[in-house]
Amino acid sequence: MVENIVIIGSGPAAHTAAIYAGRAELRPLVYEGEMAGGVAAGGQLTTTTEIENFPGFPDGINGPELMIRMREQSERCGARILTKTVTSVDLSTRPFAITSDNGIIHSHSLIIATGATAKRMRIPGEDTYWQRGISACAVCDGALPMFRNKPLVVVGGGDSACEEASFLTKFASTVYLVVRRDSLRASKTMQERVKSNPKIQIVWNHTVDRVEGEKFLTTVHLTHTTTGNSQSIDANGLFYAIGHVPNTDFLDNQIELDDTGYIITTPGTTKTSVIGVFAAGDVQDKIYRQAISAAGSGCMAALDAEHYLNSSRLQN
């Protein structure tokens, strides 16, 4: 049997696509993965504690619970979910061939919603204080009560790091921007914004060496990149802004990607360079990277896929 639609992913984009495809009676098959990209089924939100900016939850909701609810809604709308990781796809055949450790299945259409994984530094103490003071998303977590009026640290020297440092000044007492070189890679506009903000202190030529704390993070240890001298910063938060890696390796360059590995989609749609293949969520979005924007693109992908199946007269 050939599937109408296969969705690869387990985050807001994947489940929103599954909800819409299910309601369209397409009986979508969802591969949610087993620790795909080093993250449990549910995506990056499973590593997030309190979420205060997802509409419909005025009192907030934690990330794992939100993803459990999305998953339940997908199934209730008719999605079938396999906890298997897709290892490869063959987009040169029609229907497409999707391979996992559960075997090979074929599908008329495909939605890729595999997300992007935040780069981590793998420093001593990171695993202990991940989401207990360490985060890779200032916009997601910066407004949490634990960070308000506290000293915070941002690591990075590009536009993202400058943007996150500026954003955190709304809540922090002081933001330390740790840069491993003696200059920023950010655009001149972002550099000026950071340098002119009295709440941001740039710590040049340093890297984060390790972190310490009690129940939550309290101390960030730094090492000078030239002298090797050490110093410590009392901080309640450490935010990584060193980039993300889109989870596209399994595609084996069968779809057009940009120079950093993100899937390129036709503006205003979720269409990829391969007809019948659509992309949603962070795997094609390196700008916004929010749960709500991912969910919106998942809706678009399902509608695009439904239109493709109907216009091609491929729906089973």
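At-a-glance table
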| read-out | value |
| --- | --- |
| Pairs with Cβ under 6 Å, 6+ apart, first in the stretch 70-85 and over 12 Å from ASN102 (Cβ atoms), second modelled with pLDDT of 95 or more and surrounded by fewer than 19 Cβ atoms within 10 Å (Cβ to Cβ) | CYS77/ARG23; GLY78/ARG27 |
| Residue check, ALA97 aliphatic (A, V, I, L, M) and within 24 Å of the chain's Cα centre (by Cα) | no |
| Failed condition for ILE98, given (1) out of contact with any strand residue (DSSP E or B) (no Cβ under 8 Å at 6 or more places or on another chain); (2) in a strand (DSSP E or B) | (1) |
| The lone exception for VAL154 - which of (1) in the same structural domain as GLY43 (by TED's automatic domain parsing); (2) of a type outside the set (Phe, Trp, Tyr); (3) at pLDDT 95 or above; (4) within 21 Å of the chain's Cα centre (by Cα) it fails | (1) |
| Odd one out for ASP285 among (1) in the same structural domain as ASP182 (by TED's automatic domain parsing); (2) buried (at least 16 other Cβ atoms within 10 Å of the Cβ); (3) assigned to a loop (DSSP other than H, G, I, E, B); (4) not aliphatic (A, V, I, L, M) | (1) |
| ILE61 being closer than 24 Å to SER109 by Cβ and either at pLDDT 95 or above or more than 15 Å from the chain's Cα centre (by Cα) (or both) | no |
| Checking PRO64 against (1) crowded, with 21+ Cβ neighbours inside 10 Å; (2) not in a strand (DSSP E or B), the condition it does not meet | (1) |
| Candidates GLN315, GLN254, GLN290 - the one that is over 20 Å from GLU3 (Cβ atoms) and of a type outside the set (A, V, I, L, M) | GLN290 |
| Strands (runs of 3 or more DSSP E) fully within the stretch 154-269 counting 3 or more residues that are exposed (fewer than 15 other Cβ atoms within 10 Å of the Cβ) | 230-234 |
| Pick from the stretch 125-141, criterion outside any helix (DSSP H, G or I) and at pLDDT below 90, ranking: farthest from the chain's Cα centre (by Cα) | GLN131 |
| Failed condition for CYS77, given (1) touching a Lys or Arg at 6+ places or on another chain (Cβ under 7 Å); (2) crowded, with 22+ Cβ neighbours inside 10 Å | (2) |
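The values are calculated or read from the model by the stated rules, or taken from the named source; none is laboratory data. Everything numeric in this text was worked out from a predicted model, so none of it was measured. A quick note on method: Cβ atoms are made from the backbone with ideal geometry, for glycine too, and the neighbour counts reach across all protein chains shown.
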